[in-house]
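**Q** Got a structure here, written out as structure tokens. Questions coming.
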Amino acid sequence: MAASEHTVLQFGTSSSTLTAKIHPLVIFNICDCYVRRPDQAERVIGTLLGSILPDGTVDIRNSYAVPHSESADQVALDIEYHHNMLVSHQKVNPKEVIVGWYSTGLGVTGGSALIHEFYSREVPNPIHLTVDTGFNNGEGTIKAYVSANLSLGDRQLAAQFQEVPLDLRMVEAERVGFDILKTTMVDKLPNDLEGMEASMERLLALIDDVYKYVDNVVEGHVAPDNSIGRFISETVSSLPKLSPPAFDKLVNDSLQDNLLLLYLSSITRTQLSLAEKLNTAAQIL
């Protein structure tokens with residue numbers, strides 16, 4: 001009796017080691033588009049722009065919304081608008097190319113496969129970014145996915161979205177705004193001093209964590225990690241060697257410069273307001 005041949009059900013090759021890095025400007029832009037969306041639209045869909053770094057990381061630096069209409073079983077994108085926006089963006093920054101697409105909402109939806117198929121024709125292995133603007137988990141959840149094909153022999157049956165690591169890099173000024181953006185309720189926006197205070201508290205907490213880790217390694221409670229030690233060494237060596245009095249003088253001079261700028265801007269606003277009122281009064285007379 002001849003040996004029977006078995007058809008193997010398998011997933012197509014996907015970039016399981018693929019990682020993505022996103023800039024906070026993209027998140028702010030997506031949230032702004034969601035707030036300005038048409039009344040009948042439940043979510044916003046758009047294109048992600050960026051580049052591929054030498055180590056293979058997808059660097060997402062910009063985005064724009066694409067008008068669409070969707071029903072229970074189909075999604076229609078304005079492809080002409082998408083291409084016109086792409087040409088306009090590349091006139092400003094020709095190094096930015098399509099790296100994927102985004103949608104607001106929690107996780108992948110039924111129509112995501114159709115949209116992902118369109119972007120797969122635009123760029124190989126696009127990133128699908130989801131931003132939970134509904135705060136379903138108590139905060140704005142941000143996730144990235146890639147698609148892997150499920151095939152039976154030579155026949156493609158479906159596609160599965162697999163989550164990939166997403167790195168959100170930002171400076172402290174951007175982090176203050178992002179922390180406010182991802183919360184469900186904010187009493188008031190922090191001023192410059194409150195934002196600086198929050199950044200200093202976060203910095204002190206990180207320094208305490210480093211102290212605890214170094215002490216545990218020295219006492220033998222934690223196994224040493226060469227990569228972490230190298231990172232701590234590079235961080236410490238990058239700090240300028242300043243005496244405490246010189247550091248205090250540097251901070252005070254910078255603070256005085258900022259206060260002077262605030263004072264001058266306040267005078268300018270007052271002068272403009274006074275000039276506007278005088279012009280209005282002159283026109284009435």
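**Q** List the pairs whose first member sits in region 75-94 and is farther than 18 Å from G111 by Cα, whose second member is open to solvent by 80 Å² or more (accessible area, probe 1.4 Å) and modelled with pLDDT of 90 or more, and whose Cβ atoms are under 8 Å apart, counting only residues at least 6 apart or on separate chains?
**A** The qualifying pairs do not exist here.
**Q** Could you look through region 218-240, keep only residues that are of a type in the set (V, I, T) and more than 16 Å from I207 (Cβ to Cβ), and pick out the one that is surrounded by the fewest Cβ atoms within 10 Å (Cβ to Cβ)?
**A** V218
**Q** Also, I was wondering about something else. Looking at region 230-258, I want the residues that are in the same structural domain as Y213 (by TED's automatic domain parsing) and have a partner that is open to solvent by less than 80 Å² (accessible area, probe 1.4 Å) with Cβ atoms under 9 Å, at least 6 apart or on another chain. Which pairs are those?
**A** I232/V210; I232/Y213; I232/V214; T235/V210
The values are calculated or read from the model by the stated rules, or taken from the named source; none is laboratory data. The structure presented is a predicted model; accordingly, all values stated were derived computationally and were not measured. Don't worry about glycine lacking a Cβ; one is built from the backbone with ideal geometry, like all the others, and counts go over all protein chains shown. Please note that ligands, DNA and RNA were not included when accessible areas were found on the heavy atoms of the full protein model with its side chains. Shrake-Rupley method; radii C 1.70, N 1.55, O 1.52, S 1.80 Å.
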